[in-house]
Amino acid sequence: MADMGAFRDAVSGWANGGSGDPARELSEQLGVRTAVLLEGPSDLAAVETLAARRGRDLAAEGVAAVSMGGAMSIARFAAVLGPPGLDLRLSGLCDVREQPYYDRGLRRAGAADAAYFVCEADLEDELIRALGTARVEEIVETEGDLRPWQTFLSQPAQHGRPREQQLRRFLGTKKGRKIRYGHLLVEALDSDRVPAPLNDLFAALGHG
């Protein structure tokens with residue numbers, strides 16, 4: 001039975017120089033109509049968690065959220081998923097510093113009208129500010145990461161930095177931590193505190 005994970009793998013293979021046939025076949029089998037382009041797996045975890053919280057089955061809606069492995073890959077992924085390839089409707093999230101890559105990559109793929117939404121620094125930054133640093137630190141403690149967090153704060157490079165920046169940096173210091181907290185931070189949000197880029201993305205996807 002085809003699933004969205006297999007489709008993502010096929011798209012990544014195509015974007016990295018492989019055949020497009022598996023992605024084309026799976027796209028037809030799954031009825032994919034829209035691709036959400038995301039910079040990395042932590043963004044994917046956040047999007048999937050919010051979808052679950054809102055009772056949405058993105059795969060059933062024909063929406064494939066795809067982690068590209070970095071903003072520099074936008075041109076290749078837009079080419080295989082946009083007009084030159086599968087001709088899907090494109091949407092996504094990006095960090096503000098990566099916006100020029102998105103603009104150029106989407107133009108090159110003939111998808112300049114893609115609806116993507118810009119995070120002030122990145123999605124982790126948006127989530128930390130939405131929750132507040134005290135709440136994020138509670139989650140860090142609950143998750144058993146208090147000691148690593150305290151060790152991190154003792155580093156000279158962290159002295160005097162704003163708490164939001166410290167937390168954001170901490171989430172990226174261990175493999176897999178950003179992905180785990182991408183899920184946890186969205187799970188902890190009040191429904192009326194979803195960061196604007198994430199909320200706007202779901203609004204652009206419609207209501208299922």
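The values are calculated or read from the model by the stated rules, or taken from the named source; none is laboratory data. Everything numeric in this text was worked out from a predicted model, so none of it was measured. Every residue, glycine as well, gets a Cβ built from its backbone with ideal geometry; the counts of neighbours run over all protein chains shown. The protein model used for the area step is the full one, side chains on, heavy atoms only, and it has no ligands, DNA or RNA in it. Shrake-Rupley method; radii C 1.70, N 1.55, O 1.52, S 1.80 Å.
Going through segment 44-72 one residue at a time, which ones are of a type outside the set (Val, Ile, Thr), open to solvent by less than 10 Å² (accessible area, probe 1.4 Å) and assigned to a helix (DSSP H, G or I)?
Once the filter is applied, which keeps residues that are of a type outside the set (Val, Ile, Thr), open to solvent by less than 10 Å² (accessible area, probe 1.4 Å) and assigned to a helix (DSSP H, G or I), segment 44-72 yields Ala46, Leu50, Ala51, Ala71.
Would you pick out the residues in segment 130-180 that are touching an Asp or Glu at 6+ places or on another chain (Cβ under 7 Å) and either of a type outside the set (D, E, K, R) or farther than 24 Å from Ala196 by Cβ (or both)?
Thr133, Leu171
Give segment 93-128 a look and list any residue that's open to solvent by 50 Å² or more (accessible area, probe 1.4 Å) and more than 17 Å from the chain's Cα centre (by Cα), or say none.
Selection gives Pro100, Asp103, Arg104, Arg107, Arg108, Gly110, Ala112, Asp113.
I'd like the full set of residues that are surrounded by fewer than 24 Cβ atoms within 10 Å (Cβ to Cβ) and either touching a Lys or Arg at 6+ places or on another chain (Cβ under 9 Å) or basic (Lys, Arg) (or both), limited to segment 27-43.
Arg33, Thr34, Gly40, Pro41
Considering only segment 115-144, state which residues are of a type outside the set (Val, Ile, Thr) and over 18 Å from Gly40 (Cβ atoms).
Once the filter is applied, which keeps residues that are of a type outside the set (Val, Ile, Thr) and over 18 Å from Gly40 (Cβ atoms), segment 115-144 yields Ala115, Arg129, Ala130, Leu131, Gly132, Ala134, Arg135, Glu137, Glu138, Glu141, Glu143, Gly144.
Can you give me the number of residues within segment 192-205 that are part of a loop (DSSP other than H, G, I, E, B) and more than 16 Å from Tyr116 (Cβ to Cβ)?
Total satisfying the criteria: 1.
Any chance you could count how many residues in segment 130-180 are among the basic types (Lys, Arg) and in a loop (DSSP other than H, G, I, E, B)?
Of the residues in segment 130-180, 3 are among the basic types (Lys, Arg) and in a loop (DSSP other than H, G, I, E, B).
Could you list, in sequence order, the residues of segment 85-115 that are of a type outside the set (A, V, I, L, M), closer than 19 Å to Arg8 by Cβ and part of a loop (DSSP other than H, G, I, E, B)?
Gly85, Asp87
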